[in-house]
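Here is the structure we will look at.
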Amino acid sequence: MTAKIVTFGISKGGCSKSTSSGITSYLLSKDERVLAIDMDGQGNLTSFLTGEYDICTVFEERTILEAIINGDARPYIIKINKNLDLIPANDFLATLPRKMFENHLKLDALQSALEPVMDDYDWIIIDTPPALSEQTVIPLSTYSEAGSYAVVMFDGSMFAYYAIPKFLEIIEGAKERYNPTLETAGILFSLIDARAKENEVMIEAVEEDYPNLKFDTIIKRKASTRRLAIEGFDGNSELRNALEYYVPFVKELKKRVSQKQPQGSN
Amino acid sequence: MSAKNNLKDRIKKPNATQAFFNSYETNTDDDSNIEKNKNEDIANDANKKVNNNKAENDIELKNVNNNIEKTNAINNDKTYVNDNNVVNIIDVDHVEDDEYLRELATGKKPIKKKNKKVFTSFYMDPDLAVIVDKIAARGEKGDKSKLINLGIRKLLEEYGAIEKK
Ligand SMILES: Nc1ncnc2c1ncn2[C@@H]1O[C@H](COP(=O)(O)OP(=O)(O)OP(=O)(O)O)[C@@H](O)[C@H]1O
Ligand SMILES: [Mg+2]
């Protein structure tokens with residue numbers, strides 16, 4: 001079995017990329033083998049899954065940066081639980097573009113690094129930073145026989161609304177040049193305030209602009225979801241509540257990516 | 001339809017995403033680039049040095065500013081002077097410039113020059129600010145700093161706070 005790659009992204013900060021990719025990794029790992037990859041120097045996914053916030057010290061020279069530069073992910077994989085592994089990131093990821101240039105690496109650099117472990121997992125879930133950069137483009141440029149997908153995060157704001165077409169453009173670019181089978185799995189509404197008046201308008205606009213791309217599941221803003229970053233998953237008494245919207249999302253994601261051509265428009 | 005799309009694609013304005021991908025299409029594998037790369041490294045190291053200096057100086061600057069803030073409440077008839085004649089931290093003279101560039105060009109790591117200026121800002125009495133600016137206007141870039149430095153140096157020598165040069 002080869003891993004399906006799912007990259008979470010949007011070039012707008014704070015749309016729940018790290019939270020959603022972390023929870024998705026956790027939920028998928030209940031039945032399948034998952035490798036989560038942090039491609040953001042903020043290391044939020046790393047902290048989220050390990051509970052470790054001193055990422056520069058703890059993961060010094062043991063991150064995705066070294067995995068990419070050395071062209072082999074294996075030495076940098078750390079175990080989170082039985083089915084869940086992680087390749088962490090820390091602030092030094094900022095040096096990636098420069099190091100790639102020095103080492104003559106192209107945007108398919110993650111591809112080579114992951115090749116040796118591609119068959120060890122069912123899923124590779126990747127968190128990206130909110131920017132058009134190597135850290136974002138490299139995951140999208142990573143091909144997998146089993147399929148490579150992007151989840152576009154959207155928080156219902158005007159800023160994020162304008163970031164959607166730009167992110168779709170990045171997906172197109174990666175698809176054209178490096179990863180011909182890349183697909184947009186969908187646009188995920190997250191951090192949605194139950195009472196915000198503009199929700200309906202945004203939903204309509206996105207449905208009209210990008211037919212069939214919106215996930216049916218909408219992740220509402222929840223205090224218990226936010227607290228996951230503090231409480232962690234293990235022994236968390238409000239876990240069920242915190243994951244309420246993510247359970248149906250992961251189900252939907254699995255369904256979408258198991259279809260050969262999940263999306264009409266892409 | 002597809003011909004039309006094709007045309008549309010071709011006249012489409014280049015965007016950031018395309019520019020990003022294009023930047024990876026150029027061939028970086030030839031030797032001239034490796035050479036260039038190395039030189040850039042050296043230049044970068046030099047830059048790092050400058051930046052380090054700057055960081056240190058920034059700290060000094062902050063302290064100076066803090067003090068100014070404190071005294072400002074009383075001395076609010078001062079003129080704020082931001083002396084940007086010396087923004088470039090390494091302000092070496094021509095001989096040293098030459099030495100510095102020679103080391104850079106021959107691949108040696110250039111050493112920090114002691115003769116650098118520290119960028120700082122402070123409050124001046126308005127009458128002094130006016131006359132200093134007038135004098136500086138007659139001179140060239142850097143003369144204002146020279147004047148201030150000389151003035152303070154003379155005073156501090158007189159006070160015995162520093163050794164005579
Ligand atoms: N469903 C949710 N309910 C409540 N809070 C949430 C939810 N999802 C995310 N958050 C919180 O919103 C904030 C932003 O989320 P997160 O860090 O996951 O976004 P991001 O897109 O990864 O940000 P960045 O662009 O900086 O990487 C965090 O404080 C997170 O805890
Ligand atoms: Mg994040």
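The values are calculated or read from the model by the stated rules, or taken from the named source; none is laboratory data. Model, not experiment: these values are computed from the prediction. We place every Cβ from the backbone using ideal geometry, glycine too, and count neighbours over all the protein chains shown. Keep in mind that these areas ignore ligands, DNA and RNA; they rest on the heavy atoms of the full protein, side chains included. Shrake-Rupley method; radii C 1.70, N 1.55, O 1.52, S 1.80 Å.
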> Given the structure, is residue A:132 touching a residue at least 12 places away in the same chain (Cβ under 8 Å), assigned to a loop (DSSP other than H, G, I, E, B) and within 11 Å of chain B (Cβ to nearest Cβ)?
Replying inline: yes
>> Looking at residue A:225 and the list (1) open to solvent by 20 Å² or more (accessible area, probe 1.4 Å); (2) modelled with pLDDT of 95 or more, which single condition is not satisfied?
In response: (1)
> Looking at the stretch A:170-182, which of its residues are more than 9 Å from chain B (Cβ to nearest Cβ), open to solvent by less than 30 Å² (accessible area, probe 1.4 Å) and touching a Phe, Trp or Tyr at 6+ places or on another chain (Cβ under 9 Å)?
Replying inline: A:179, A:182
> Among the residues of the stretch A:112-132, how many are within 15 Å of ligand 2 (Cβ to nearest atom) and in contact with a strand residue (DSSP E or B) (Cβ under 7 Å, 6 or more places away or on another chain)?
Replying inline: 4
>> Quick check on my filter: what residues within the stretch A:135-153 are open to solvent by 20 Å² or more (accessible area, probe 1.4 Å) and within 14 Å of another protein chain (Cβ to nearest Cβ)?
In response: A:135
>> Just to be sure I understand, how many residues within the stretch A:17-70 are more than 16 Å from ligand 2 (Cβ to nearest atom) and of a type in the set (S, T, N, Q)?
In response: 3
> Would a scan of the stretch A:211-218 turn up a residue that is modelled with pLDDT of 95 or more, assigned to a helix (DSSP H, G or I) and in contact with a Leu (Cβ under 6 Å, 6 or more places away or on another chain)?
Replying inline: no
> Among the helices (runs of 4 or more DSSP H) confined wholly to the stretch A:1-111, which include 2 or more residues that are within 16 Å of ligand 1 (Cβ to nearest atom)?
Replying inline: A:17-28, A:44-50
> Within the stretch A:87-109, how many residues are open to solvent by 30 Å² or more (accessible area, probe 1.4 Å) and more than 15 Å from residue A:126 (Cβ to Cβ)?
Replying inline: 13
>> If residue A:202 satisfies all but one of (1) at pLDDT 95 or above; (2) open to solvent by less than 30 Å² (accessible area, probe 1.4 Å), what's the number of the condition it fails?
In response: (1)
> Of everything in the stretch A:1-16 that's within 13 Å of ligand 2 (Cβ to nearest atom) and open to solvent by 20 Å² or more (accessible area, probe 1.4 Å), which residue is farthest from the other protein chains (Cβ to nearest Cβ)?
Replying inline: A:14
>> Here is a list: A:28, A:84. Which entry is under 17 Å from residue A:117 (Cα atoms), buried (at least 22 other Cβ atoms within 10 Å of the Cβ) and in contact with a Phe, Trp or Tyr (Cβ under 8 Å, 6 or more places away or on another chain)?
In response: A:84
> residue A:167: of a type outside the set (Gly, Ala, Ser) and either surrounded by fewer than 21 Cβ atoms within 10 Å (Cβ to Cβ) or more than 16 Å from ligand 2 (Cβ to nearest atom) (or both), yes or no?
Replying inline: no
